[in-house]
Amino acid sequence: MRSLPEAEFGMPDIRSPFRYLWWNARVQALSLLGGIGFATAWWLLQALVPAVLGKGIDAVTAKDTDALLTWSAIMLVIGILQAFTGIMRHRMAVYNWLAAAYRTVQVTARQAARLGATLPKRVSTGEVVSVGNSDISHIGNSMEILPRGAGSVVAIIAVTVILISTSLPLGLLVMFGVPLMAVAIGPLLKPLHRRQKTQRDLMGELSTRSADIVAGLRVLRGIGGEQVFAARYREESQRVRDAGVNVSRVESVLEGAQILLPGVLIAVVTGIGASFAIGGEITAGQLVAFYGYAVFLIGPMRTLTELADKLTKGHVAARRVVRILSIEPEVSGGIGTSAGGVLRDSYSGVTVQPGVLTAIAAALPEDAIAIADRLGRYADGDVTFGGADLATLPMAEIRARILVADNAARLFTGRLRDELDVRGDSSGERVEQALYAACAEDIIEALPDGLDALVAEAGREFSGGQQQRLRLVRALLADPEVLILVEPTSAVDAHSEARIGERLAKARVGKTTLVCTTSPLVLDRTDHVIYVENGRVLAEGTHRDLLATSPEYTTTVTRGED
């Protein structure tokens, strides 16, 4: 099965950072070629300025007014064209940056949606956040610098040809001096690459630590652990700072080399050119032109150094992206079909009849969660749906028909109505019915803007019980063919729990619903109860029948109390 990015964009290989950068370049080849064209023209026009300036000085020396006016007009045209190509080069550079950066966001987000529950098991939150915070910028920079880098190479070649045609020694000096400077910078790139990778990894770990602290701040305050975690955060932050300093040390040497090495070349070219002018081998205008070329070469040389730096950073960033894109889901689907019906987990023996409100009461909550994961195809298992193997159905169809709602689900930032009615097709009456079934009317009434209120990050303005009831509203509004609820009332008070149990049965009447719970107030409202011990079905029946016939069930749901 092809990965999602490959299927969507034709990416040939996502397991190599270099191939990922190459794929980006191939996808936006037209814009890159346009950028290279404008950048090359921009650099060449700048390269012509010293030559035209030298011709103008020679015209002044020769007191040739017509030649002076001609070269002045040519300089004006070059200035106008340079302004136009510079503007277009910049526009294409911004476009290439945005295209590469946000394409990375797209493929990463789509891969995250494809992986689903697999992603948090394999990659930390901080690592995913770092892709959006910093890595997309470096990948965008690696695409933005390519046109300028290609143009600078052409400009250096053009200047070298001009210099050789004017003075062979000076031309050869430039021709061999530029590659030598590039080779001299090479040894700095490997340690820079290594230190940047270390810094990226530490930043990802720090982002994960930050997310954990923010998510658990209420708990930390309750147990008095704020200072301990703050100290740990400071310690990790210092490590990130030290890593940043190590990167900056290499970068500072690299920046210094960008000034020193071209400066040495300028000094040598100017000195030799001056001796040639004194000896009458070149004119005064040619000497000025040589000096102008030597100064001009600083720009292309700095661009080449910048190209190496940004490509190195882009390679480091692409490695993190590739790591996410190369992850395969723990479970996958097929191309089969099912008319629906009985949902059965062969390992545990749990059978969910269509149109029945069924409950699983497990001696260990982990057993119920494992069964729910298998029934919802979040974990591998021998599960059948209406006689068809669940593993043979397409994942999109499974997700549309079977919904597993647990307490790990989050409320997202945005308008509350949109967070509850995620499809946006529920009428006001239907929303009210779902709020009533989840016993959540009081939550809405307490909000100044009601359903139009804005939800903060992760719904932190709501208590645990309120969040649980709002998640239940969202699940009911989704109205799937099969709804699997995992401990939907564990955080609400007993009075609300009893009302939810009664209203849930009425809201889902005639629809397939499975509730994983050990609450007697909910179990008493279900049509059928399945008691699971050690991952297997031990007893079945109504809640009251099991209380009378199964001591193990009675002990589990009454917590050992009479």
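The values are calculated or read from the model by the stated rules, or taken from the named source; none is laboratory data. The shown structure was predicted, so the numbers you read here are calculated from the model rather than taken from an experiment. With ideal geometry, Cβ positions are generated from the backbone for all residues, glycine too; neighbour counts draw on all protein chains shown. Quick note on the areas: whole protein, heavy atoms, side chains included, nothing else; ligands and nucleic acids left out. Shrake-Rupley method; radii C 1.70, N 1.55, O 1.52, S 1.80 Å.
The table below gives the values:
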{"quantity": "Residue selected from the stretch 186-201 under the condition of a type in the set (A, V, I, L, M) and modelled with pLDDT of 70 or more, by the criterion most open to solvent (accessible area, probe 1.4 Å)", "calculated": "LEU188"}
{"quantity": "Which numbered condition ILE500 fails, given (1) of a type in the set (A, V, I, L, M, F, W, C); (2) over 14 Å from LEU403 (Cα atoms); (3) surrounded by fewer than 20 Cβ atoms within 10 Å (Cβ to Cβ)", "calculated": "(3)"}
{"quantity": "Inter-residue pairs, beta-carbon under 9 Å, first under 17 Å from GLN106 (Cβ atoms) and at pLDDT 85 or above and in the stretch 324-335, second buried (at least 19 other Cβ atoms within 10 Å of the Cβ) and of a type in the set (Asp, Glu), 6+ apart", "calculated": "ILE324/GLU127"}
{"quantity": "Candidate set: the stretch 108-135, residues that are open to solvent by less than 10 Å² (accessible area, probe 1.4 Å) and more than 30 Å from GLU397 (Cβ to Cβ); chosen: the one modelled with the lowest pLDDT", "calculated": "GLY126"}
{"quantity": "Criterion: in a helix (DSSP H, G or I), open to solvent by 60 Å² or more (accessible area, probe 1.4 Å) and either touching a residue at least 60 places away in the same chain (Cβ under 8 Å) or touching a Leu at 6+ places or on another chain (Cβ under 9 Å) (or both) - qualifying residue of ARG319, ARG234", "calculated": "ARG319"}
{"quantity": "The one condition in (1) more than 17 Å from PRO488 (Cβ to Cβ); (2) in contact (Cβ under 8 Å) with a residue 60 or more places away in the chain; (3) within 35 Å of the chain's Cα centre (by Cα) that VAL350 fails to fulfil", "calculated": "(3)"}
{"quantity": "Helices (runs of 4 or more DSSP H) wholly inside the stretch 407-463 that include at least 1 residues being surrounded by 16 or more Cβ atoms within 10 Å (Cβ to Cβ) and either touching a strand residue (DSSP E or B) at 6+ places or on another chain (Cβ under 6 Å) or acidic (Asp, Glu) (or both)", "calculated": "416-420"}
{"quantity": "Residues of the stretch 425-465 that turn out to be touching a helix residue (DSSP H, G or I) at 6+ places or on another chain (Cβ under 6 Å) and closer than 24 Å to VAL509 by Cα, as a count", "calculated": "8"}
{"quantity": "All positions within the stretch 520-556 that are surrounded by fewer than 18 Cβ atoms within 10 Å (Cβ to Cβ) and basic (Lys, Arg)", "calculated": "ARG536, ARG544"}
{"quantity": "Out of ASP380, ASP345, ASP373, sole residue that is acidic (Asp, Glu), open to solvent by 20 Å² or more (accessible area, probe 1.4 Å) and touching a strand residue (DSSP E or B) at 6+ places or on another chain (Cβ under 8 Å)", "calculated": "ASP373"}
{"quantity": "Of all residues in the stretch 383-406 being aliphatic (A, V, I, L, M), touching a residue at least 60 places away in the same chain (Cβ under 8 Å) and over 22 Å from ALA505 (Cβ atoms), the one that is most open to solvent (accessible area, probe 1.4 Å)", "calculated": "ALA396"}
{"quantity": "Helices (runs of 4 or more DSSP H) completely within the stretch 469-551 that count 2 or more residues being closer than 28 Å to ALA339 by Cβ", "calculated": "494-507"}
{"quantity": "Meets criteria (of a type outside the set (Asp, Glu), free of Cβ contacts under 8 Å to residues at least 12 places away in the same chain and part of a helix (DSSP H, G or I)) for PRO179", "calculated": "yes"}
{"quantity": "Helices (runs of 4 or more DSSP H) within the stretch 54-133 that include 3 or more residues polar (S, T, N, Q) and within 16 Å of the chain's Cα centre (by Cα)", "calculated": "65-115"}
{"quantity": "Scope the stretch 287-322; condition among the basic types (Lys, Arg) and over 17 Å from VAL178 (Cβ atoms); matching residues", "calculated": "LYS310, LYS313, ARG319, ARG320"}
{"quantity": "Output for the stretch 268-316, where each listed residue is part of a loop (DSSP other than H, G, I, E, B) and open to solvent by 10 Å² or more (accessible area, probe 1.4 Å)", "calculated": "GLY279, GLY280, GLU281, ILE282, THR283"}
{"quantity": "Contacts under 6 angstrom Cβ, first residue in the stretch 17-33 being within 18 Å of VAL131 (Cα to Cα), partner open to solvent by 80 Å² or more (accessible area, probe 1.4 Å) and part of a helix (DSSP H, G or I), 6 or more apart", "calculated": "PRO17/ARG319"}
{"quantity": "Residue, nearest to ALA25 (Cα to Cα), within the stretch 57-81, restricted to residues that are open to solvent by less than 50 Å² (accessible area, probe 1.4 Å) and touching a Leu at 6+ places or on another chain (Cβ under 8 Å)", "calculated": "ILE78"}
{"quantity": "Output for the stretch 134-176, where each listed residue is touching a residue at least 60 places away in the same chain (Cβ under 8 Å), in a helix (DSSP H, G or I) and over 30 Å from ARG103 (Cα atoms)", "calculated": "ALA155, ILE156, ALA158, VAL159, ILE162, LEU163, THR166, PRO169, LEU170, LEU173, VAL174"}
{"quantity": "Positions within the stretch 105-131 being within 22 Å of ALA405 (Cβ to Cβ) and of a type in the set (D, E, K, R), in sequence order", "calculated": "ARG114, LYS121"}
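Residue-by-condition table, conditions (1) under 19 Å from PRO488 (Cα atoms); (2) among the acidic types (Asp, Glu); (3) at pLDDT 95 or above:
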site: PRO365; (1), (2), (3): yes, no, no
site: GLY381; (1), (2), (3): no, no, no
site: GLY414; (1), (2), (3): no, no, no
site: ALA438; (1), (2), (3): yes, no, yes
site: ALA453; (1), (2), (3): no, no, no
site: SER463; (1), (2), (3): yes, no, no
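Residue-wise test of (1) farther than 30 Å from GLN106 by Cβ; (2) in contact with a strand residue (DSSP E or B) (Cβ under 7 Å, 6 or more places away or on another chain); (3) modelled with pLDDT under 90.
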residue	(1), (2), (3)
SER31	no, no, no
GLY37	no, no, no
TRP43	yes, no, no
ALA51	yes, no, yes
GLY54	yes, no, yes
LEU68	yes, no, no
